[in-house]
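Trainee: I'd like to ask you about the structure that follows.
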Amino acid sequence: MYCNKCGTKIKDGNNTCANCGNELKESYNYNNSGEKTVYIPNYQNDGYAEGANPVKKAGPPTKEYKSSAGQKILSVLMCVFIFVFAAADITVMIFRKNINKESIGEIIRDFDIMSVQVDSVITETLPESAGIDLNDEDSLAIWIYNNLNAEDRERYNITVSNIKAIYRKSNIKDFIQDKLNNYIDYYMNGVAFEPVSSKDIIRLVKRNASVIRKETGYELDDLDYKNIETMLEESEVLENFTVSAIDRSAGVSVSRFKFAVSIYAVIILTVVQLLLLAVILFINKMRMRSVCIYGGITYLVCGLIFAVGGAITYFSVDALLRNIKANLGNFPVEKIVDSICGSLVSAGLITAGAGVLLIIIYYILKKLTVYKTKKT
């Protein structure tokens, strides 16, 4: 027979449950002849206890569900896919957070392009096609000074400081930021644009003619503008800023990847993760606990990898930063690295936190299941 309180099977002849201590007290009933009968519920006889008022038997305790080996393997496989899509999702969001108009604007404001080594911004095709000297050790300001007409330099007493002052006082930074924003809109949002042209440069020079005159005393005329435009077109230096040239430099068609960093990619990657979690739910016979534990561990591991990776990168890029600064002058590389590493750590911690939350929900559901089992 079985205990009528916890359902534990009791050996014949015992009136006390060894599991919960419940005593199976004698019950008195009366038969059709009016005689008192005594019985101890044995929960047999077609599922009911004997006596005048039948009572449904408690039966054996409900066994806890256990996944089969096949279910576990399939669930782990789904977790691998979830990990991959979650990592891709985090990467795209970090990219979008750090490569946008606001962040680029901050970089341009803090960046003095005149301190950049000339070989970092001018390709080798320039001296070959334009006959201009290129010294790898020169900053851009020194390179511009060295390639000015020597007579003009002496006549107008032009110095490297004059060239740097023209950059600071002009709207060149605004021009650069505006053009970079066009590229960002194209690669991240698919907005078409016209790449930098010689006419853009001429318009920039004309807008800053007064600054040039104030710093050098030189008055630009139409012939100067024509010569500048001709030099730019013949040197083909601006061809390096076209989408096709950027693709060639990267070795792949960068323009084809603009969807990969779009907001639609984030949405799709998130939906795929939810579908994979639904597959785990289906594999484990609609048991939410399985989704919580498998998904929780996956997101916890993924988040910790990103967080630890960001922290390690932050503390181990000193040599790389020194090399970049040697070539790019005061380029705010530390600010960029700090921003990216901070995004890695924060995104990793948020993801790991989501994993911990799912694991907590798993244990709560497990406790509730055990409680319900004991209660029934």
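Trainee: In what sequence, highest mean first, do 187-199, 74-86 appear when ranked by Cβ atoms within 10 angstrom?
Mentor: Going by the mean number of other Cβ atoms within 10 Å, highest first, we get 74-86, 187-199.
Trainee: Just rank V261, V308, fewest to most, by other beta-carbon atoms within 10 angstrom.
Mentor: Working: V261 18, V308 14.
In increasing order of surrounding Cβ atoms, one gets V308, V261.
Trainee: Of M231, M288, how do they rank once you tally other Cβ atoms within 10 Å and put the fewest first?
Mentor: Details: M231 16, M288 12.
Result, fewest neighbours first: M288, M231.
Trainee: What's the exposure ranking of S290, S343, S67, going from fewest to most Cβ atoms within 10 Å?
Mentor: S67, S343, S290
All of the numbers you see were taken from the coordinates with simple rules; none came from a lab. Since we're looking at a predicted model, the values are computed, not measured. Note that each Cβ is placed from the backbone with ideal geometry, even for glycine, and that neighbours are counted across all protein chains shown.
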